[in-house]
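Accompanying notes for the structure given below.
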Amino acid sequence: MGRVSGVQVLRSKAGGFEKPVWNASELTPSSNDHTAFPLRDNGVYVISGGLGGIGALIAEDMLSRTKNAKVYLWGRSRLSASHSDTLNRISNGGERARYMQVDVTDAKSVQTSLKSIYSEDGYISGILHCAGTIKDNFLINKTASEFSDVTAPKVQGTYNLDAASADYDLDFIALFSSVASKFGNAGQVDYAAGNGF
């Protein structure tokens, strides 16, 4: 075998190694696929990691395409000044976007927060799980704590959201991943594993 530069993703099988191959048709929606993402004009949505890059973009898009829908943006941290500006931009000066400090790795916090939303609005239409974190470090140097901190939002967060929402009549739960789960990324073995989950 020739010299290989960069990282290769390989699977060992009897008789050799296999390398994944991506087919463009798998990555492009079919021209017959006209399924729209199910958003309700008066829907109530929860977005974990809601003020992160992808969460904020999705919240803004959801509110621009619906009438009177509401999004609850969850995050682990207190609302900072820059996040407050993002929240104001998303809600366009209205009350359609609200921030809640919720750690998705804490089952009780997830359960209590969903109950609070349900009590206020009477229903929850959908959950988008965008929360995640990175602590880049090569595996040989990575601590168990770093590994756990990175995988927990994706793994434990998914379990907690699923369990806490089991009694609600949701339209959907959408779990967000990363291409790192398929291709890997230097220093992100934990991030790839969490997203692969």
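The values are calculated or read from the model by the stated rules, or taken from the named source; none is laboratory data. What you see is a predicted model; the values in this text were computed from it and never measured. All Cβ positions, even for glycine, are placed from backbone atoms using ideal geometry, and neighbour counts span all protein chains on display. Just the protein is used for accessible areas: all its heavy atoms, side chains included, with ligands, DNA and RNA removed. Shrake-Rupley method; radii C 1.70, N 1.55, O 1.52, S 1.80 Å.
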- Message: As I understand it, the dipole of the stretch 42-197 uses +1 on the Cβ of Lys and Arg and -1 on the Cβ of Asp and Glu, about the Cα centre. Which of L87, N42, T158 lies farthest toward its positive end?
- Response: L87
- Query: So what is the accessible area of the stretch 108-166 per residue, in Å², with the probe set to 1.4 Å?
  - Reply: 51 Å²
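Between S80 and D136, what FRET efficiency follows from the Cβ-Cβ distance if R0 is 22 Å, with the result rounded to 0.05?
After rounding to 0.05, the efficiency reads 0.45.
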- Task: Determine the share of the stretch 64-128's accessible area contributed by carbon and sulfur atoms, expressed in whole percent, with a 1.4 angstrom probe.
- Result: 43 percent
- Message: Please give me the summed charge of the neighbours of A131: other residues whose Cβ is under 15 Å from its Cβ, Lys and Arg +1, Asp and Glu -1.
- Response: -2
- Message: What FRET efficiency comes out for A14 versus E95 if R0 is 41 angstrom and r is the Cβ-Cβ distance? Round to the nearest 0.05.
- Response: 0.10
- Message: For S109, S77, give me the order by solvent-accessible area with a 1.4 Å probe, most accessible first, ignoring ligands, DNA and RNA.
- Response: S77, S109
- Query: Along the charge dipole of the stretch 94-197, Cβ charges K/R +1 and D/E -1, which of A144, T133, L170 sits furthest on the positive end?
  - Reply: A144
- Note on the structure: Around K142 (Cβ within 14 Å, Cβ-to-Cβ, excluding K142; K/R +1, D/E -1) the net charge comes to -3
